[in-house]
1. Assuming 0.36 nm per residue, please report the length gained on full extension of the stretch Thr486 to Leu340 beyond their Cα-Cα distance.
2. Sorting check: for 235-243, 257-265, 44-52, which peptide has the highest mean count of neighbouring beta carbons within 10 Å, and how do the rest follow?
3. Tell me, what is the 1.4 Å probe accessible area of Phe149, in Å² to the nearest 10?
4. List residues of the range 346-371, by number, whose backbone nitrogen lies under 19 Å from a label position 7 Å along Cα→C-beta of Gln400.
5. Just for the Cα atoms in the range 106-148, what are the lengths along the principal axes, largest first, rounded to whole Å?
6. Spelling out what I want: for every residue of the range 309-320, take phi, set θ = phi - 60°, compute 6.51 cos²θ - 1.76 cosθ + 1.60 (Karplus), and round to whole Hz; glycine and proline get x.
7. In terms of solvent-accessible area of protein heavy atoms at a 1.4 angstrom probe, what is the ranking of Arg75, Arg138, Arg250, Arg394, highest value first?
8. If I model the chain as equal point scatterers sitting on the Cα atoms and use the Debye formula, what is log10 I(q)/I(0) at q = 0.06, 0.12 Å⁻¹?
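The values are calculated or read from the model by the stated rules, or taken from the named source; none is laboratory data. Keep in mind that this is a model prediction, so the values were computed, not measured. Backbone-built Cβ (ideal geometry, glycine too); neighbour counts: all protein chains shown. Note: areas computed on protein heavy atoms with side chains; ligands, DNA, RNA excluded. Shrake-Rupley method; radii C 1.70, N 1.55, O 1.52, S 1.80 Å.
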Amino acid sequence: MGLRLYNTLTRTKQDFVPIDPGNVRMYVCGPTVYDFAHIGNARPLIVFDVLYRLLRHLYPGEGGAPDGSRVTYVRNITDVDDKINARAARDYPDLPLNEAIREVTSRTEAQFHADVAALGCLPPTVEPRATDHIAEMRTMIDDLVDKGFAYPAEEHVLFDVAKMPDYGKLSNRSLDDMIAGARVEVAPYKKNPMDFVLWKPSKPGEPGWPSPAGIAEPGRPGWHLECSAMSDKWLWEEAKPTLSDAGLARPHEFDIHGGGIDLVFPHHENEIAQSRCAHGTDVMANYWLHNGFLQVEGEKMAKSAGNFVTIRELLKDWPGEVIRLNMLKTHYRQPIDWTLKDLEAAQRTLDKWREVAISPCEAEYSAEVITALSDDLNTPKATSFLHGPEFHKRGTDGQQRAEALMHGALALLGLDAVLREGWPDEKYRKKIEVSPGVIHTFIEARAAARAEKNWAEADRIRDELDAMGIALKDAKDPETGELVTTWEVKR
Ligand code: AMP
Ligand code: ZN
């Protein structure tokens, strides 16, 4: 069975047929770099990394992608946004805004790269930054205005949704329903409340570029437009010279577009409207994939709920591969409930798999795993095979093959780092290996030392636990007045 993917655009699972099999082209919306990425943001990163790995496996050898392979994966960085401006002004009040913005975006981008690498994600083929593509965005806006799909109004340029008959096709809603249910900003200069911003004016001091559509004042692009311009630049304009006749026959179209389910409307709907109207095409991308949402311990993740987990924080306690496996145990379109209990189980699973395949060997790819992944990225099914007997044979007949299969499957899932010598790092091992029983033995020995007023020994024991990553807390029991010692894993 070949690759099949659930397409939000058609609401069905479809056979995947690339436009040009010599260069399979995929775009995934990347981060807005103003703050640490959270564990929900990690989901699309991991899911689309598995798809990228699978595509590279299914389309091996040389091709037209910029790296000489047959798959081009573009994931952008949004480095112009109101949230970035606000963060820059807050964190660097003494710097000119432009410099402060550069500080915020470069530090956030560096952290983002460290996070995704720790999660086992391959770098995308191209990682364009919005501010490097302002000229392309301006050209696209002028094009849309010339063709009658957009209009300037009060220093803004707006997309005229009424001009596009099937606006709403991706999110499956009609313009009338949208207007009735929307809480959109009803700006007096909009012809229709659903018209969205392609370009807006910059306030003095804010980053700004020469405006399109004859607007005199400097401005900046709208978020949706960025992805339309960057995907076309890297998946069509730059790809053109190496595309086959089949690819050239479908100008400006590409294969896969991905992101979280919250991006379906308005972000992806608007990307489609801009790209299709600017280029006069029937589709922007042929397959639209969306991952479900992640919640933490049964609740929506929110700063106010106190359950907001950044990738960076989680990486202090868990190896990236544990986080990754825990993510892949749920199918990407289902909601996922992120719990500590599941992370612990994922750690135990990886320990077991690692034991099987610890010696280096040539990878072999299990047909069952490939088939499961090819069925709309069924990672829970794929990982379930790794528990099966074929992967755990011991003795002369079968052990070598079991190892080879384990190597192959872990590589496809992006979990092969667990096979590195010394995985996981010492810092994780310490936390994992210390069992509560051992800690209590230490605590009792310390209480005995204190009872004998042997303070030096009591302190030594506390320091020893500290070095193992365990912090002790002493408190008086309010009823008995006795000293009670509790412990926690240090962050
Ligand atoms: P944002 O920074 O909000 O633009 O999100 C970046 C990516 O993470 C997008 O693809 C979002 O759809 C995705 N995302 C954000 N929050 C979650 C969540 N809680 N669960 C799953 N995906 C999410
Ligand atoms: Zn986008």
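1. Residue separation times 0.36 nm, minus the Cα-Cα distance, leaves 50.6 nm.
2. Per-residue Cβ counts within 10 Å, averaged per peptide and sorted highest first, yield 44-52, 257-265, 235-243.
3. 50 Å²
4. 356-366
5. 46, 20, 13
6. Computed from phi, the couplings for the range 309-320 are 10, 8, 4, 4, 5, 5, 5, 6, 9, 10, x, x Hz.
7. In descending accessible area the options line up as Arg394, Arg250, Arg138, Arg75.
8. Results for the chain at q = 0.06, 0.12 Å⁻¹ read -0.35, -1.14.
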